[in-house]
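Worksheet for the structure shown next.
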Amino acid sequence: SSPDSDSFTPELEKAGLLNKTKIAEGGRKLRKSWSPSWVVLVGNSLVFFKDPKSQTPSSWRPGNSKPESSVDLRGAQLLWANDLSSKKNVFKLRTVTGNEFLLQSETDSLIKEWFNTIQSVIHRLDRE
Ligand code: I3P
């Protein structure tokens, strides 16, 4: 794509279904509550949507799907965190504002891809 479109259209890097729980908000610990989330990595943000499988077909239209929340990856930290859960394949994402999320998949290859892709975005932003 042209330099012009690059500067205006954030690049969609990755999208898929992961298990998610938020474990801290502004540094304050939260009670874990795992649920499936449709996760989209676009530009400098990780954006969370409701699990599309739990929605009615009519609600799952691009214009109809409001993000549940979104995370700015600038200055974020990413760590494998199998010590923080009884589940396998868990990593922790911590934002500069002290929000912490665990993300998990039963599929080893899938969670590794997510980890590597998010890590590369964080490192790119660190260099800017
Ligand atoms: C939690 C729930 C979580 C579990 C968490 C439990 O119980 O079972 O799935 O986390 O473990 O406390 P509740 O539903 O009563 O809140 P994992 O699945 O990640 O192990 P934890 O407290 O040891 O983190």
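Throughout, read-outs are computed from the coordinates displayed, never taken from laboratory work. What you see is a predicted model, and the numbers here were worked out from it, not measured in a lab. Positions of Cβ are backbone-derived with ideal geometry, glycine not excepted, and every protein chain shown enters the neighbour counts.
Per-peptide packing, taken as the mean over residues of other Cβ atoms within 10 Å, places 85-95, 102-112 in the sequence 85-95, 102-112 from highest down.
Largest first and in whole Å, the equivalent-ellipsoid semi-axes of the stretch 14-128 read 21, 17, 15, each the square root of five times a Cα gyration tensor eigenvalue. Between Leu110 and Ser33, residue separation times 0.36 nm minus the direct Cα-Cα distance comes to 25.6 nm. Straight-distance candidates among the aspartates and glutamates for linking to Lys92, with alpha-carbon spacing under 17 Å and chain neighbours fewer than 8 residues away dropped: Glu25, Asp72, Asp83, Glu100, Glu106, Asp108, Glu113. What list of ³J(HN,Hα) couplings, whole Hz, do you get for the stretch 100-110 from phi and the Karplus terms 6.51, -1.76, 1.60, once you set θ to phi - 60° and write x for glycine and proline? For the stretch 100-110, the Karplus curve yields 10, 10, 9, 10, 8, 9, 6, 9, 4, 5, 5 Hz.
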